[in-house]
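Single-structure report; data block below.
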Amino acid sequence: MKRAKSMSPPYFHAMTWIFLCLVFIGFAPSFFLKFWIEAQPFYPEGLPIPYILHGLVLTVWYVFLVVQSTLIKNRSLNLHRKIGYFGAIWAFFVLASTLWVISLFPSRMEELSFALGKTVQEIEPGLSGILWLDFFMSLLFSSFVGLGIAERKNPEAHKRLMFFSGLVFLFAAVFRISGIVGTLGGIEAGPVFGLGLLLVISISVLFYDRMQLGKVLPITWGCFGFYWFGVILSFILGESSWGKEFMLGLF
């Protein structure tokens, strides 16, 4: 009698839930639970409509990733494929809404600085770096989703590409979590905590490959490398005089 093949650990299913939970925690004070939390000093007048729409669109994307990974876990492959068509269309709205809020972000910072009686540099010293990060992550999102669709018949490549399609926009949530940790702990967490968390998450998929397959797949190395190249380059350009002049000059 042949021994039944054991199912692989539900790593990707668990990670999509972690992504969704991080998004909820990071944006709870300013978005999900804003009506039940006292007014935030950084958001004195509430969020403008474009940011609300963007938040809803991205939330649906992370819910979509959870649903798809759950269907794979339950071996509902036909339904997974059908819902995949929705994801391919919804990815366009994710990208469009992201580019929309990127274009509005500098003017939003100016409005907030006026309302708070501070300078833009005081409330968002890394503005150009954030804009560069949004730009590169949008580019990577398009690439990962596009390749994920192209590799839909290759499960190992497909699920890793979709994993990184969720990771690319997670920085906004984890940086806000850094602020929450700093506030609750009375420490200056800055971006270090957020970057550390992103590093742990991205390295986890390398460990998963190594443990389950005995090696890290080339597609995993490629996604990991391009992701961190984009993150590091964003900070370099954001701190350079040319990068600041170029990016802020666009707006």
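Coordinate-derived values only; no laboratory data. All of these numbers come straight from a predicted model, not from anything done at the bench. Cβ coordinates were reconstructed from backbone atoms using ideal geometry, including for glycine residues, and neighbour counts include every protein chain displayed.
Details
- Net lengthening on full extension, residue 111/residue 85 (0.36 nm per residue, minus Cα-Cα): 5.5 nm
- Were the residues from residue 18 through residue 180 laid out at 0.36 nm apart, the gain over their Cα-Cα distance would be 56.6 nm.
- Over 28 Å (Cα to Cα) - which of 153/215; 34/159; 34/73 fall in this group: 34/159; 34/73
- Backbone geometry of segment 151-162 corresponds, through the Karplus equation with coefficients 6.51, -1.76 and 1.60 at θ = phi - 60°, to 3J(HN,Hα) couplings of 9, 5, 8, 10, x, 5, 6, 4, 6, 6, 5, 6 Hz, x marking Gly and Pro.
- Burial order of peptide ranges 215-223, 242-250 (average beta-carbon count within 10 Å, highest first): 215-223, 242-250
- Charge tally for residue 219 (other residues, Cβ to Cβ under 15 Å; Lys, Arg +1; Asp, Glu -1): +3.
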